[in-house]
Amino acid sequence: MTNDTPAIEFESVTQTFGHITALSDLSLEVHPGERYGFLGPNGAGKTTAIGLLLNFLRPTDGTVRVFGRNVQSNELAVKSRTGALPQGFTPYSNLTGYEHLEFACSVRGVDTDPEDVLERVGLLDAAEQKANGYSQGMVRRLGFAMALVGEPDLLILDEPIAGLDPSGAARIRELIREQNERGATVFVSSHQLAQVETICDRVGIISEGTMVAEASVSELQARIDGGPRLVITLADGPVSVPDAVMAVEGVEDAWVDESRVIVSCESASVRTDVLVALEEAGIDVIDFETERASLEDVFAAYADTENV
Ligand SMILES: Nc1ncnc2c1ncn2[C@@H]1O[C@H](COP(=O)(O)OP(=O)(O)OP(=O)(O)O)[C@@H](O)[C@H]1O
């Protein structure tokens, strides 16, 4: 393996279940050290892709590699470098949190202190409690703790933040960052777009088993709306978009939303020109701010191809 070898590689992967095509000729690469968000609506094929990565499924066609190794023919070598939190993770109800971690350590053949990992996910106080008394959020954190055992080079996390309260979600985000800083590649599947936006540096969006967009979060936003919008509140309240705004070179679009004028511009300097133009036209501005399209907006536009 060289430094250029992808941490994850799907090469023209198709997965069918009878007459259903879950993945269709999917290709993607995740570079070592990346935090990659794998996004898509329900039924898009995310869990199928993770099932292939973990060798729970055999691809109908194509090849899946982890650190350059075909996952089908190198299962043990791949698993020794991978920690996973699968979507349907359910704990053994009669084992305590501590016993789950002991089990994960023995499977991996490492002598990590279970209490250390439980503390990192905020479950130390519940270490001696049986997992059947755990809340949904505690179960996700337990699964995450088991994925961390042995400091794997690759973390595959299916909806890691689902079911967590804000402080639990913040803790998991922090742990993901920590793991990434020590060098782990992170692959996060989610339809909680706001969560992925803050965790990942690159995002792939799949729809109906096909990759429809792949870029950094900021690139995706820029593709949809040309960058941040300027939101202006006028003293007299707008009835229509002032001509002075539309006359500014670089204004792509402008519209009235309730009491505000929203201006889509191609660059930050155009936003300044808009404010100057309003002042010169004698129109009083009470307030202005810039507003980014959320990844939610981006996703909706890509998922609904009629809007692209
Ligand atoms: N074992 C299976 N047998 C038959 N069809 C399946 C099987 N697993 C997945 N599918 C189908 O493949 C498609 C992709 O499903 P998948 O679970 O991978 O999507 P997903 O993006 O993970 O969705 P969700 O966010 O709801 O979990 C769906 O149409 C699903 O019904």
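Annotations
- Segment 71-127: GluC sites (Glu not before Pro) falling in loop per DSSP and having at most 14 other Cβ within 10 Å: none
- Ignoring the sites themselves, the chain has its longest run without chymotrypsin sites (Phe, Trp or Tyr not before Pro) in a DSSP loop having at most 16 other Cβ atoms within 10 Å at 93-308.
- log₁₀ of I(q)/I(0) at q = 0.07, 0.14 Å⁻¹ - the chain, Debye sum with one point per alpha carbon: -0.37, -1.02
- In the context of the full set of protein chains, the chain has a per residue accessible area of 48 Å² (1.4 Å probe).
- Of the accessible area of segment 228-291, computed with a 1.4 Å probe over protein heavy atoms only, carbon and sulfur atoms account for 45 percent.
- Over segment 27-80, the hull volume per residue, using the convex hull of the C-alpha atoms, is 96 Å³.
- Net charge of the neighbourhood of ARG120, taken over other residues with C-beta under 11 Å away and scored Lys/Arg +1, Asp/Glu -1, is -4.
- GluC sites (Glu not before Pro) restricted to DSSP loop in segment 166-267 with at most 16 other C-beta within 10 Å: GLU208, GLU249, GLU258, GLU266
- Less than 5 angstrom separates the built amide H of LEU26 from those of VAL13, THR14, all sequence-distant by 5 or more or on a different chain.
The values are calculated or read from the model by the stated rules, or taken from the named source; none is laboratory data. In this text the structure is predicted, and so the values were computed from the model without any measurement. Cβ coordinates were reconstructed from backbone atoms using ideal geometry, including for glycine residues, and neighbour counts include every protein chain displayed. We work out accessible area using only protein heavy atoms, side chains counted, and drop any ligands, DNA or RNA first. Shrake-Rupley method; radii C 1.70, N 1.55, O 1.52, S 1.80 Å.
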